[in-house]
1. Could you state the principal axis extents of the C-alpha atoms in the stretch 280-353, from the largest down, to the nearest angstrom?
2. Could you tell me the center-to-center distance, by alpha carbons, between the stretch 240-256 and the stretch 283-303 in angstrom?
3. Is the stretch 1-57 rounded, prolate or oblate when judged by the Cα gyration tensor, a ≥ b ≥ c being the square roots of its eigenvalues, rounded requiring a/c under 1.5 and prolate requiring a/b larger than b/c?
4. Which residues make up the longest stretch of the chain clear of GluC sites (Glu not before Pro) that lie in a DSSP loop with no more than 14 other Cβ atoms within 10 Å, not counting the sites?
5. Could you work out how far helix 355-368 tilts from the main Cα principal axis of the chain, as a 0 to 90 degree angle to the nearest 10?
6. How tilted is helix 107-127 with respect to the longest principal axis of the chain? Cα atoms for both, answer in degrees (0 to 90, nearest 10).
7. List the trypsin sites (Lys or Arg not before Pro) within the stretch 93-126 that fall in a DSSP loop (any state other than H, G, I, E or B) and whose Cβ has at most 11 other Cβ atoms within 10 Å.
8. Taking 7 Å along the Cα-to-C-beta vector as the label spot, tell me the S151-R468 distance in nanometres, rounded to one decimal.
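What follows is calculated from the coordinates using simple rules that are stated; it is not laboratory data. All values reported here derive from a predicted model rather than from experimental measurement. When we count neighbours, we look across all protein chains shown, and the Cβ atoms used for this are built from the backbone with ideal geometry, even at glycine.
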Amino acid sequence: MPHEVEVPSRDAERFRSVLEPGRYAEFAHAAQQARTLLDGRVVWNVNSTARGGGVVELLRPLVGYARGLGIDARWLVIDGTPEFFELTKRIHNRLHGSEGDGGPLDEHARRLYEDVLAENLSAFRERVHADDVVIVHDPQPAGLVPHLRASGAAVIWRCHVGVDEANDLVRSAWAFLLPYVGRADACVFHRSAFAWDGLDRTRVVVIPPTIDVFTPKNEDIDGSTVHAVLRTSALVADGEVGAPVIFVRPDGTPGRVERQVHSVEDERVRTETPLVVQVSRWDALKDPIGVIRGFAEHVPAETGAHLVYAGPDVESVADDPEGARMLRESVALRASLPPDVRRRIHLVSLPMDDLDENALIVNALQRHASVITQKSLAEGFGLTVSEGMWKARPVVASRVGGIQDQIVHRESGVLIDDPRDLTSFGAAITELLQHPDQAETIGRAARERARNNFISVRSLLDYFALIRRVFGVS
Ligand code: UDP
């Protein structure tokens, strides 16, 4: 049976403190229009998990802010069998262009998929009314779309996965899902290049993801808090360890930074050392090996800079053998470098026991960075890029996927055309380290660009416009 996730409402008035008055007025006006249009209706969000993953990160704040604005937004999670989730993982992998478990997407798979979703349907029939809006997220619940449409509700399907160039595996996943998602009133993608062949283009809408700026990950924290967090978590060596850092969790309860990071390093960094930072999972597509090599070979010692590649503690992510392997490879590469290069490289595993604590450590590390990198080989969107931009940091990132929509090259960051070009990667970092004025100008422009385009307000405005559109209100 599907279950409903309780989402506490969030106070959208807070955006007043970070937006230009005109932009806030635009937002307040659109919210008022949406409230009127949605009076007596429910906006349902449907996905397949309440914990973990990017979709949850995006959904929780948007549902919370919508509720705070007086819109009856709710969140339902479908139920499935292990075989169903094996199948949907296969579809997910194929949408990324990879084989996954190698299993088929045949008629048997289709029957399994439809049977499990049919078991979820009665709960939807009880709850969803003809006046409602349903936003269905990702492949797992996509098969519900035609049934929800038949009930009279307006149905939007949002795809959180995409690749720059589709191969046959990608197309096979499209073919499997098209009979369902093709029936939606609108299909939403992160970027227009991700929209599928075979969909009615007039129903395709682009809504890039956004970050929540009032969470431990992104909230504004002052320099002394940054230092206290870095010192307490053992990221930097110097300075007093004072009282534990207390912070406010998104649910309003207090949290403490008390755990330490595990670093593979010769010596801890000192506060005054300029840092080049990449915060990413230990994943081949985030290219930790390329980041280490690029830094080691192309960022000269005279910059005085050290590299920190920080990812989740892989021991805590039990089902991530690939992460553990990637970390081992990174450690081995670091160990093979000459001592004077090796000592400038720190491989950091961040504690994951308390995700708010983890988020505050990421926040402090990103704020402390002189340069942030995101040297991905492929990327759906790349939230870390917006996170760095929001913190007014200069970001050096690959021109792939959604990253190229975030950074305007040389204005609000630096894009590297070929993600495997270590020379250009190192040169861009070096230039920013050697020209702090330029780095600061880019960082300031990045903050502005993130403010206008990549914080929750923008997603809410886009959703309001989309809902007006599916109701035929201009
Ligand atoms: N992240 C984190 N702790 C880590 C590594 C990553 O909180 O140790 C966060 C990061 O700040 C970002 C998200 O995980 O919010 C990663 O999203 P992104 O879109 O950059 O990449 P994905 O991991 O979804 O491919």
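1. Here the Cα extents, ordered largest to smallest, are 40, 20, 19 Å.
2. The distance from the Cα centre of the stretch 240-256 to that of the stretch 283-303 comes to 33 Å.
3. Oblate.
4. Looking at the chain, 316-410 is the longest stretch - no exposed GluC sites (Glu not before Pro) with at most 14 other Cβ atoms within 10 Å.
5. It works out to around 50 degrees.
6. Approximately 80 degrees, to the nearest 10.
7. Filter output for the stretch 93-126: empty list.
8. For the pair S151/R468, the computed spacing is 2.7 nm.
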